[in-house]
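Everything below concerns the one structure shown next.
The values are calculated or read from the model by the stated rules, or taken from the named source; none is laboratory data. Because the structure is predicted, anything quoted here is derived from the model rather than measured. Because the Cβ atoms are built from the backbone with ideal geometry, glycine has one as well, and the counts that use them run over all protein chains shown. Surface areas here come from the heavy atoms of the whole protein model, side chains and all, with no ligands, DNA or RNA. Shrake-Rupley method; radii C 1.70, N 1.55, O 1.52, S 1.80 Å.
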Amino acid sequence: MDDKTHAPNPDNFRWDNDGTADVLPGTATRPTAGEPLASVIDRAISRRALLKGSAVAGATLVIAPSALLAPSPAVAAPRHRDPGSRLTFETVPPGNEPDIVVPPGYSVDILLRWGDPLTPAAPEFDVDQQSPAAQAQQFGFNADLVLWYPLPRLVARSVGIRGRLGAIANRSLGLLYPRLATQTSRHALVVVNHEYTSGVDMFPGYDSAAPTAEQVRIEIEAHGFSIVELRLGDDGRWRFERGSPFNRRSTGSTPIEIAGPLRGHALMRTSADPDGVEVLGSLNNCAGGKTPWGTILTCEENFDQYFANFAAVTGASRAVSERIPAPDGASERRWEDVVERFDLAKEPNEYNRFGYVVEVDPYDPGTPAKKRTALGRFKHEGAAARIARDGRVAIYSGDDARFEYVYKFVSAGTYDRFDRAANLDLLDRGTLYVARFDVGDVAGDDMGDGVWLELSPDNPVLADWTLEEILLDTRGAADRVGATPMDRPEDVEVSPQTGKVYIALTNNSRRTEPDEANPRIANEHGHIIELVEDDPADLTFRWNILVKCGDPTVAEHDTRFGDIPDPVAAGISPIADPDNLVHDDDGNLWIATDGQYFSGSVGFGQNDGIFAVPVEGTDRGRLRQFLSGVPGGEVCGPEFSGDNKTFFCAIQHPNDGEAFAKLWPTDETRVSKPSLIAVRRNDGRKIGR
Ligand code: FEO
Ligand code: CA
Ligand code: CA
């Protein structure tokens, strides 16, 4: 969900996800205007030389997925000398067609739509006869994150017999998962987040001023996430397996464990849960990521919008949320009128139980999801994992609001491929850090270095904070240590080939003071930063701006695409508002956008889409469009099957605000439906090349 409207009428946008309360002063200006041309050229040369150096450093220090099976981290050899040059798909032109457009030679399959029954007993969807009980067994609304997991036969057998994952199957899965995750698998589990709901696009005759109790309860059940089994047919198409024992919904009312340092804490206790150990639901699940042991990390983002009457909250419970407040009075959704716990005047601590990374094991339908409080509380967009040389696990995460921060958690314990059961609680103990992006040797060259600042009472700056206060008021602690306010950190992804970390900064129209890592005033189209560490447990890093988005044919957009000297001649596509990210198995970065139609003061007038960009080799920065989405709909959750022969993504809020007037998928007759789609090549080869 973005801060811009997705529909032609800006009044249709109801959920302002980051108001002025999020705004902090920017960092200091470093003017570059009026600089002599010679120094600009010097900077460019120094940038190229340094980037070359950092690329080499990154490439020699990487853990590839297959290397996780080795007794010690191995060096990942590039699979292709110049992988970017293998991206040979025909560029999709920008457009606003009513249906999805992919390159010639590719096909689109719609796998699951809002309301599709996920179990044999679930009722068929009927937009005129919706109920909370039906929605709780059907595919939820507004699909976002998509993650693909191989499903080994022994795991399917174990769950088929017992209803849950047995110890032997769990151990075997721990050994097999890293290898299977990059191979062809005919059975797979896929998780899809359901970020938020829009009553106007769900219910005929919806009155946003007075939603009915039934509508509120249906919307609560349409949140959360779905885990489903897919099967690959001989025709190369994935199909949903309705009878699978792995299919399940987690909704806005499903019990979820509170895990980590905040479990049982006084500020986590409510009248319904006096021990502070279990919360109903996860909300606003946006992006996320995979752990090396094959679990899902699904992230709670704009959770503030579900709660009301923050003005009535006092004392410690108020103090920890001053930097991430809920509405002072009524919420726009009015859930508080139907479900008491959303009224903070009645249940002030309920608010403290949202805003976390949630871990869930797709392979074990018998285990609950867990909120991993050690990773802090903020508007978590995504989560990406990388294993350090010593086996500790780093999780990178961004806080998507204007002038918010980029974080890294490093586990205290170490990953053990022989003991998957032990890995399952690895994220409950460790240290959280926040990023400060520094200028480096030269100012204004779109690159620099940086420091991970520790967010714990061991940091003298936070000596008067408890760990629990830091984890509840993570933004406040990050302010105190001097982190760098960024231009809305969306998804963060780690390249499985090089270990480099990519951060999508989607836009920030309110920036008035540029800094080295956020160099554009009123950053309308966003940028992507590449962060390089020698080891993910390191406390320093180097960084550079890979892409400054915009239309390369418009000089005022001040674009950058790697170090491509003439982006127009190179056939680079216009792009704005980078959001969700994924890598293919050559290491190329694939980008989903959110908000291109209305991007900036003028807007691109083009549907959101998918773009692929090489990040190594001579074509580094040669970004081209692969898919064009649907009017009013953002494209989310880019993901590949293990063999890279299928590309998955989600179409969120198609025909936003006009879902009953304009229809997508195009064979629908009553209402547009957020959906999971798969893209495959007609010749069955790998996507993109
Ligand atoms: Fe839910 Fe920041 O996108
Ligand atoms: Ca610099
Ligand atoms: Ca997003």
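One line per residue, one yes/no per condition, for (1) within 22 Å of the chain's Cα centre (by Cα); (2) part of a loop (DSSP other than H, G, I, E, B):
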| residue | (1), (2) |
| --- | --- |
| ILE258 | yes, no |
| PRO261 | no, yes |
| THR270 | no, yes |
| SER282 | yes, yes |
| ALA287 | yes, no |
| TRP293 | yes, yes |
| LEU297 | yes, no |
| ALA311 | no, no |
Exercise. Does ALA394 qualify as being within 16 Å of ligand 1 (Cβ to nearest atom), open to solvent by less than 10 Å² (accessible area, probe 1.4 Å) and touching a residue at least 12 places away in the same chain (Cβ under 8 Å)?
Worked result: no
Exercise. Which of the residues spanning region 493-517 are open to solvent by 10 Å² or more (accessible area, probe 1.4 Å) and hydroxyl-bearing (Ser, Thr, Tyr)?
Worked result: THR498, SER509, THR512
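Among the residues of region 555-571, is any within 16 Å of ligand 3 (Cβ to nearest atom) and open to solvent by less than 20 Å² (accessible area, probe 1.4 Å)?
The answer is no, given that none of the residues of region 555-571 is within 16 Å of ligand 3 (Cβ to nearest atom) and open to solvent by less than 20 Å² (accessible area, probe 1.4 Å).
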Problem set entry | Qualifying position, being touching a Leu at 6+ places or on another chain (Cβ under 8 Å) and in contact (Cβ under 8 Å) with a residue 12 or more places away in the chain, among ASP515, ASP473, ASP491 | ASP491
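ARG341: crowded, with 24+ Cβ neighbours inside 10 Å, at pLDDT 95 or above and of a type in the set (Lys, Arg), yes or no? Even if it seems obvious, please write down each step before you answer.
Numbers: crowded, with 24+ Cβ neighbours inside 10 Å: no; at pLDDT 95 or above: yes; of a type in the set (Lys, Arg): yes.
Taking the combined requirement at face value, the residue does not satisfy it.
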For this session: Report, ordered by the first and then the second residue, all pairs with beta carbons closer than 9 Å, sequence separation of six or more or different chains, a first member in region 439-450 that is in contact (Cβ under 8 Å) with a residue 24 or more places away in the chain and closer than 16 Å to ARG560 by Cβ, and a second member that is in a strand (DSSP E or B) and within 16 Å of ligand 1 (Cβ to nearest atom).
Result: ASP446/HIS527
Exercise. Can you name the strands (runs of 3 or more DSSP E) wholly within region 496-565 that have at least 3 residues being farther than 23 Å from ARG622 by Cα?
Worked result: none
Problem set entry | Candidate set from region 287-345 (those that are within 16 Å of ligand 3 (Cβ to nearest atom) and polar (S, T, N, Q)); member that is farthest from GLU404 (Cα to Cα) | THR298
Exercise. Surrounded by fewer than 17 Cβ atoms within 10 Å (Cβ to Cβ) and either within 16 Å of ligand 1 (Cβ to nearest atom) or closer than 18 Å to LEU118 by Cβ (or both) - does that describe any residue in region 251-269?
Worked result: yes
Seminar exercise, completed: Going through region 595-631 in order, the residues found to be assigned to a loop (DSSP other than H, G, I, E, B), within 16 Å of ligand 3 (Cβ to nearest atom) and at pLDDT 95 or above are ASP608, GLY629
Exercise. Of all residues in region 338-360, which are within 25 Å of ALA374 (Cβ to Cβ) and either without any contact (Cβ under 8 Å) to a residue 12 or more places away in the chain or not in a helix (DSSP H, G or I) (or both)?
Worked result: LEU344, GLU347, PHE354, GLY355, TYR356, VAL357, VAL358, GLU359, VAL360
For this session: With respect to THR373, determine if the residue is β-branched (Val, Ile, Thr) and over 21 Å from GLY482 (Cα atoms).
Result: yes
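Could you look through region 299-309, keep only residues that are buried (at least 22 other Cβ atoms within 10 Å of the Cβ) and within 16 Å of ligand 1 (Cβ to nearest atom), and pick out the one that is nearest to the chain's Cα centre (by Cα)? Give the steps one after another, and end with the answer.
Initially, region 299-309 is screened for residues buried (at least 22 other Cβ atoms within 10 Å of the Cβ), giving 299-304, 306-308.
Now restrict to residues that are within 16 Å of ligand 1 (Cβ to nearest atom): 299-304, 306.
Working: CYS299: 7, GLU300: 10, GLU301: 9, ASN302: 12, PHE303: 15, ASP304: 18, TYR306: 20 Å.
Only one residue tops the list, namely CYS299.
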